[in-house]
Structure formats: structure tokens, C-alpha cells
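Below: one structure, written as C-alpha cells.
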Amino acid sequence: SKGYGLLQLTSGQLLIAGARSNAEGQSQALLMLLEATGREIWSRTYGGVGMISAAHALIETSNGLLVAAGTQFEDYAQYQDDVYLFCVDADGDLQWEQTHATGKHVMVEGLLEASDGGLLIAGTGGIPGEPFQAMLMRTEP
């Protein structure tokens, strides 16, 4: 397992975003909820079967749900990553998930909830051999 992001929730608990790999080299996005002391409450994986998924950025929304942003793709050699967004409740149960095609290799670095409830996703994206550029996406509420 790999950890990429950390968020302290309003409850004081800690949420870790990352990826958990399997023997075939595929991975699923990972969320782990911990007590403030570090004791694990739950650990869950998310993402499509046969896909390579990871969670990088986290927010706790104004209505108390937890949203993660990361990437998902089928093959390392294709360099065609989707931005992968998913939302869970306090128990880690999936509420919704979305993918947004980019046509590029991307790395999600930041996630914010807009005042209207939409999401802002920041990162970098590009095609190997060319300069990578800053990326900003917005989802509708």
C-alpha cells in the first residue's frame, strides 16, 4: 500500500488516500480512516476492476461526506489517464464515483469544494516528451 494524501476531519479522525497493489501490478484507490491516535477504523479500496487506480487528494464536504480525487487508467504505456473522483460516507460506503477523460498523463494534486457544491481539481498533465502543464478542472454540483 502507498499513501499519497492526508486529511484531518472535523471529528479529529485522519483520512489517508493512496493505492493498494495486487500481485498482477494493478492497484485500486485506497482510503483509510484512523483515530487521532493512529488506530485503524476502516480501510477500503475503490476503482474499476482491471484498472489502475489511486487516490491523491481529499476533502470533507460541507455536508460531511468524504471526496477523493486521483487517477484511473488501464495501461501504463497508453498515457491516457482519467481523473477519478469518488465520494464515501463516514463508514467508507461508496456514494458516487465519476471519471473524466483527459487524453493525457495526469497527476491530481489538489481538490476543493466550490461555494456552489461543485468540485475544483488541480494537478499537472501532459504527453511524455512534451512539457507538462498545470491543469484545472471543475465539476458541476
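Surface composition of the chain: carbon plus sulfur atoms hold 50% of the accessible area, using a 1.4 angstrom probe and ignoring ligands, DNA and RNA. A full extension of the chain between Ala134 and Leu6 corresponds to an added length of 43.9 nm, given 0.36 nm per residue minus the alpha carbon distance.
Rolling a 1.4 angstrom probe over the protein heavy atoms with all chains in place gives the chain an accessible area of 53 Å² per residue. Applying the Karplus relation 6.51 cos²θ - 1.76 cosθ + 1.60 with θ = phi - 60° to the stretch 107-121 yields 3J(HN,Hα) values of 10, 7, 10, x, 8, 9, 8, 6, 4, 8, x, x, 10, 10, 10 Hz, where x marks Gly and Pro. How would you classify the chain from its alpha-carbon gyration tensor, with a ≥ b ≥ c the square roots of the eigenvalues: rounded for a/c under 1.5, else prolate if a/b is greater than b/c, otherwise oblate? It comes out oblate by the Cα gyration axes.
Separation of the stretch 99-128 and the stretch 25-64, taken as the distance between their Cα centroids, equals 17 angstrom.
The values are calculated or read from the model by the stated rules, or taken from the named source; none is laboratory data. Bear in mind that the values here come from a model prediction, so they are computed numbers and not experimental data. Surface accessibility is based on the protein's heavy atoms, side chains included, excluding ligands, DNA and RNA. Shrake-Rupley method; radii C 1.70, N 1.55, O 1.52, S 1.80 Å.
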